[in-house]
Amino acid sequence: MSQATPIVFIVDDDISVRESLEALISLAGWQPETFASAEAFLAHPRVLAPSCLILDVSLPDLNGLELQKRIAPDRIDMPIIFITGHGDVPMTVEAMKAGAVEFLTKPFGDHVLVSAIGHAIERSRSALDQEAEIQAFRDRYVSLSPREREVMALVVSGLLNKQVGGELGISEITVKAHRGKVMRKMKARSLADLVNMAARLRLAR
């Protein structure tokens, strides 16, 4: 997934800007996807590939900052680079606080934008890799039986096998058997590894 060709989405109502950015991005080896409005971009299905969004602040109807508010919370894998012809400090602060990785005021050099895109794509790739890892943990966790999940929860909370047995009303030997299955199914190399997986799963919910 994270090895797919990176996609650079461009949302700008100026066709000349879209065309010049499209040419620049293609030349840099990325795949450009252009949109004339925020609504057109929102209608586009989500693509699970490393990506970033070059977003003009001043758009008809839904502006860039409003679009950011809509998509930023659940699209951490798509960093946003703002471009504007008339940026001001409050606007920049608002965009950066909401998670934008860059705020560029026109005119800017091609190398500046290409560098910003490169950093954004790396952030996207890292976020997608983390998302895939957490999904793998979820899939493994689903394979556990209800009893194995109970044992896992108590083990990662720091209880010894004997204490887990006492909590669940089962023998220590049975706890050891369940614990072994949990370790195998979760592909945990150690107790610390299992604790880390449990923490990641809680954060991912």
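The values are calculated or read from the model by the stated rules, or taken from the named source; none is laboratory data. All figures in this text were calculated on a predicted structure; none of them were measured in a lab. Every residue, glycine among them, receives a Cβ derived from its backbone with ideal geometry; neighbour counts consider all protein chains shown. These accessible areas exclude ligands, DNA and RNA; they are computed on the full protein's heavy atoms, side chains included. Shrake-Rupley method; radii C 1.70, N 1.55, O 1.52, S 1.80 Å.
Some notes on this structure:
- Within-12-Å neighbourhood charge of Val142 [Cβ basis; K, R +1; D, E -1]: +2
- Counting protein heavy atoms only, region 71-205 has 57 percent of its accessible area on carbon and sulfur, 1.4 angstrom probe.
- When the charge dipole of the chain is built from unit charges on Cβ atoms (+1 for Lys and Arg, -1 for Asp and Glu) and taken about the Cα centre, the candidate among Ser124, Gln163, Leu27 whose Cα reaches farthest toward its positive end is Gln163.
- Per residue, in Å², the accessible surface of region 56-101 once ligands and nucleic acids are set aside, probe 1.4 Å: 49
- Straight-line reach from Lys97: taking Cα to Cα under 19 Å and skipping same-chain neighbours fewer than 8 places apart, the aspartates and glutamates in range are Asp56, Glu66, Asp74, Asp77, Asp88.
- Ranking Val151, Ala72, Leu201 by how far each Cα lies toward the positive end of the dipole of the chain (charges on Cβ) leaves Val151 at the top.
- Sum of side-chain charges, Ile170 neighbourhood, beta-carbon under 13 Å (Lys, Arg +1; Asp, Glu -1): 0
- Label zone at Lys97, where the point sits 7 Å out along the Cα-to-Cβ direction: region 36-65 residues whose backbone N lies under 12 Å: none
- Packing-based order for 51-59, 173-181, 147-155, using average beta carbon neighbours within 10 Å, highest first: 51-59, 147-155, 173-181
- Packing order of peptides 5-11, 134-140, highest average first: 5-11, 134-140 (average count of other Cβ atoms within 10 Å over each peptide's residues).
- Using just its DSSP H runs of length 4 or more, each adding -39500 (n - 2.57), the chain gives a mean residue ellipticity at 222 nm of -18000 deg cm²/dmol after division by all residues.
- Seen against the Cα atoms of the chain and their longest principal axis, helix 15-27 is set at about 60 degrees.
- Neighbour net charge for Asp74 - beta-carbon separation under 12 angstrom, K R +1, D E -1: +2
- Within the chain: Cβ-based charge dipole about Cα centre, in debye rounded to nearest 20 (Lys, Arg +1; Asp, Glu -1): 1860
- Helix 146-156 axis versus longest C-alpha principal axis of the chain: approximately 80°, rounded to the nearest ten.
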